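The values are calculated or read from the model by the stated rules, or taken from the named source; none is laboratory data. Note that the coordinates shown come from a computational prediction; the quantities given were computed from them, not determined experimentally. Don't worry about glycine lacking a Cβ; one is built from the backbone with ideal geometry, like all the others, and counts go over all protein chains shown. When the accessible area is computed, the model is the full protein with side chains, heavy atoms only, and any ligands, DNA or RNA have been set aside. Shrake-Rupley method; radii C 1.70, N 1.55, O 1.52, S 1.80 Å.
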Amino acid sequence: QPYQHCMAFDLKNTDPYTRTMIMSMLAGIKAHNSQMLVGNPGLGKSAVVGMLARKVLRYDMITIIGSQKEPQDVTGFPRQSSFNLPDGKQVPVTEYSMQLWQFQILRKKKIVLFLDEFSNSTPAVQASMLTILNEREFPDGSKVPDETVIIGA
């Protein structure tokens, strides 16, 4: 049971709204589903995700605030490479360097990736975030580890 230590945190002493959110998120986490929290500003979505990460799961948390990011902050910066085709011809290709947050997730795995302010992000940043949320894939196409929790707001 990968999240059995979750019950060590006393949810009974939290308010009903927070308790319901955390219990719902835990069900999604156990199913390896990404989740999206929707609500007006100031409801405490970020605070609840932080509590879930630190006190319930005992995971580190990486927050990407979409409204403050450019697409390459999520996808990585482009760089030119070249590959050989079967006939030996060399073809120039654009690759994207891995972002530090992706490296940290691949290294540690037990991390809550919190994609915040999704609705205030540019369409290009939203598209990158959606790939992570929906496909559980990093922008370079590699899979997000099963132990990593992905939550958007």
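Details
- Meets criteria (surrounded by 12 or more Cβ atoms within 10 Å (Cβ to Cβ), of a type in the set (Phe, Trp, Tyr), modelled with pLDDT under 90 and within 27 Å of Leu130 (Cβ to Cβ)) for Tyr3: yes
- Checking segment 35-49 against the condition returns a match, with at least one residue being under 16 Å from Ile150 (Cβ atoms), assigned to a helix (DSSP H, G or I) and over 14 Å from the mean Cα position of the chain (by Cα).
- If you go through segment 19-33 and keep only what is open to solvent by 30 Å² or more (accessible area, probe 1.4 Å) and touching a residue at least 12 places away in the same chain (Cβ under 8 Å), you end up with Met23, Lys30, His32.
The rows are residues; the columns are (1) more than 15 Å from Thr131 (Cα to Cα); (2) assigned to a helix (DSSP H, G or I); (3) touching a Cys at 6+ places or on another chain (Cβ under 7 Å); (4) not aromatic (Phe, Trp, Tyr).
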| position | (1), (2), (3), (4) |
| --- | --- |
| Asp73 | no, yes, no, yes |
| Ser82 | yes, no, no, yes |
| Val91 | yes, no, no, yes |
| Phe103 | yes, yes, no, no |
| Arg107 | yes, yes, no, yes |
| Phe114 | no, no, no, no |
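- Matching residues, segment 110-129, being of a type outside the set (Val, Ile, Thr) and either within 21 Å of Arg79 (Cα to Cα) or open to solvent by less than 50 Å² (accessible area, probe 1.4 Å) (or both): Leu113, Phe114, Leu115, Asp116, Phe118, Ser121, Ala124, Gln126, Ala127, Ser128, Met129
- Of all residues in segment 76-109, those satisfying the criterion of being touching a helix residue (DSSP H, G or I) at 6+ places or on another chain (Cβ under 9 Å), open to solvent by 60 Å² or more (accessible area, probe 1.4 Å) and of a type outside the set (Ser, Thr, Tyr) are Pro78, Met98.
- Hey, Ile132 surrounded by 15 or more Cβ atoms within 10 Å (Cβ to Cβ), modelled with pLDDT of 95 or more and within 13 Å of the chain's Cα centre (by Cα) or not: no
- Among the residues of segment 50-71, those that are open to solvent by less than 20 Å² (accessible area, probe 1.4 Å) and outside any helix (DSSP H, G or I) comprise Tyr59, Ile64.
- With respect to the conditions (1) part of a strand (DSSP E or B); (2) in contact with a Pro (Cβ under 6 Å, 6 or more places away or on another chain), Ala124 falls short on a single one, namely (1).
- Verdict on Asn13 being out of contact with any His (no Cβ under 9 Å at 6 or more places or on another chain), at pLDDT 85 or above and more than 20 Å from Glu147 (Cα to Cα): no
- Test: Glu137 is without any contact (Cβ under 8 Å) to a residue 40 or more places away in the chain, open to solvent by less than 70 Å² (accessible area, probe 1.4 Å) and either in contact with a Ser or Thr (Cβ under 7 Å, 6 or more places away or on another chain) or within 24 Å of Leu26 (Cβ to Cβ) (or both): yes
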